[in-house]
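Below is one structure, written out as structure tokens; comments come after it.
The numbers here are math on the coordinates, done by the rules we state, and not lab data. Model, not experiment: these values are computed from the prediction. As a convention, Cβ positions derive from the backbone with ideal geometry for all residues, glycine included, and neighbour counts pool all protein chains shown.
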Amino acid sequence: MQIDARDRLILSLLQADCRLSNAELAEKVGMSASACWRRVRTFEDEGIIKRYRAEISAEGVGFTFQALVHVHLTRHNPEHLAGFVAAVEARPEVQDCYATTGQADYYLRVLCRDIAAYNLFLEDFLFNLPAVASAQTNVVLREIKRSQAISM
């Protein structure tokens, strides 16, 4: 799909505030409401817009512990990898998971209520996965920059 300057503007505005009404969005980009609605609908159908959501403050709802976890696997066979991925996808504490090159096989961003909850996550979940050989934790002291938005 070809993305032009007006499309980039629509996407930027929706990333900044997905609660904009179609009429407000159309006015800001200089389009008719019906043409704007069709364009947004195409972005949704093409998978360019994946979802709409509210950004919640973790601390505001009681989640005060965040860590980056470097996971090393024991084996790289498809069965163990599939089991690891499925288990990680199902855990609400795991906010993000990346398969990477370098020292660790996977990097997880884990969010918990406190250090005790994180310890349970490690002992009752992560260290019980057959594919996991070891994990190294880096505790997040403070967040400097975090963005879900893609710069258009």
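A few comments on the model shown:
- Cleavage-rule hits, trypsin sites (Lys or Arg not before Pro), region 1-108, DSSP coil, Cβ neighbours within 10 Å at most 11: Arg19, Lys50, Arg51, Arg53
- Mean sequence separation of contacting Cα pairs (under 8 Å, at least six apart), scaled by the length of the chain, corresponds to a relative contact order of 28 percent.
- Kirkwood Rh, angstrom, region 1-63 [1 / mean 1/r, Cα pairs]: 12.7
- The GluC sites (Glu not before Pro) of region 30-60 meeting both criteria, a DSSP state outside H, G, I, E and B (loop) and at most 11 other C-beta atoms within 10 angstrom of the site's C-beta, are Glu46, Glu55.
- Multiplying each eigenvalue of the alpha-carbon gyration tensor of the chain by 5 and taking the square root yields semi-axes of 38, 19, 13 Å, largest first, rounded to whole angstroms.
- If only the Cβ of Lys and Arg carry +1 and only the Cβ of Asp and Glu carry -1, the dipole of region 5-45 around its Cα centre is close to 100 debye.
- Computed over the Cα atoms of region 85-152, the ratio of the radius of gyration to the Kirkwood radius (Rg/Rh) comes to 0.98.
- Computed from Cα atoms, the angle from the helix 5-16 axis to the main principal axis of the chain rounds to 50 degrees.
- Here is how the number arises for the chain: DSSP H runs of 4 or more residues each give -39500 (n - 2.57), the sum is divided by the residue count, and the result at 222 nm is -10000 deg cm²/dmol.
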